[in-house]
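Working notes for the structure below.
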Amino acid sequence: MIRLLTCVALCLAAPVSALTVDQLEGRWQGEGALVLGNEPEQRLRCRIRLRTIDQGQSFFSGRCATAQASQSFTYMLFETPRGRVTAENRAEFPGELPQTMQGIAAPGLLRVEAGEGRVFELRLEGDVMHFRIEGSGDRGLAIGAARLVRRQ
């Protein structure tokens, strides 16, 4: 009984970050579809990486591409023990990507967003990561979704 209570106490005392962004850590790749404005759906290929730097701090980087264009991104994620996340753009050439995004992390989920409907969302279901991106630009609203698996 004492061992069980000790285990429960240690689990409850563990930082939330051990159950959230860290759970998504690794290299992921896969494909899906992107819809841009009124254009036909395009095949979307993505590679992303989440790497823990320190407790509550992770790098989130990647690249997604269609036959017409590609976009790379690098964000530093800062997660509080209560699951609030701030994402700071650390790209060498940030371009049109938001400089700062806010969001949440929960077991198997990371979602950050900025104004104007800009969203990055990662949702882990079993061995599959569902990656969703949304944003608006000069060509209209872009919505992409990809199914990612861990790379070895």
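The values are calculated or read from the model by the stated rules, or taken from the named source; none is laboratory data. Fair warning: this is a prediction, and the values are worked out from it, not measured in the lab. So basically every Cβ, Gly included, is an ideal-geometry build from the backbone, and we count neighbours across all protein chains shown. Protein only, heavy atoms only, side chains kept; ligands, DNA and RNA dropped before computing areas. Shrake-Rupley method; radii C 1.70, N 1.55, O 1.52, S 1.80 Å.
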Hey, any hits in the stretch 126-136 for a residue that's of a type in the set (Asp, Glu), touching a helix residue (DSSP H, G or I) at 6+ places or on another chain (Cβ under 9 Å) and modelled with pLDDT of 90 or more?
no
Taking the stretch 84-93 only, how many residues are modelled with pLDDT under 90 and either of a type in the set (Lys, Arg) or surrounded by 13 or more Cβ atoms within 10 Å (Cβ to Cβ) (or both)?
1
Under the condition of being in contact with a Gly (Cβ under 7 Å, 6 or more places away or on another chain), among the small types (Gly, Ala, Ser) and open to solvent by 20 Å² or more (accessible area, probe 1.4 Å), which residue from the stretch 101-152 is nearest to ALA33 (Cα to Cα)?
ALA145
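Let's see how each residue does on (1) open to solvent by 20 Å² or more (accessible area, probe 1.4 Å); (2) modelled with pLDDT of 90 or more; (3) more than 25 Å from GLY140 (Cβ to Cβ):
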site	(1), (2), (3)
VAL21	no, no, yes
PRO40	yes, yes, no
ARG45	yes, yes, no
ARG51	yes, yes, yes
GLN55	yes, no, yes
GLY62	no, yes, no
ALA69	yes, no, no
Flagged pairs (Cβ under 7 angstrom, 6 or more apart or on separate chains; first in the stretch 123-150, more than 20 Å from PRO107 (Cα to Cα) and without any contact (Cβ under 8 Å) to a residue 60 or more places away in the chain; second outside any strand (DSSP E or B) and open to solvent by less than 70 Å² (accessible area, probe 1.4 Å)) are GLU134/GLY117; GLY135/GLY117; SER136/GLY117
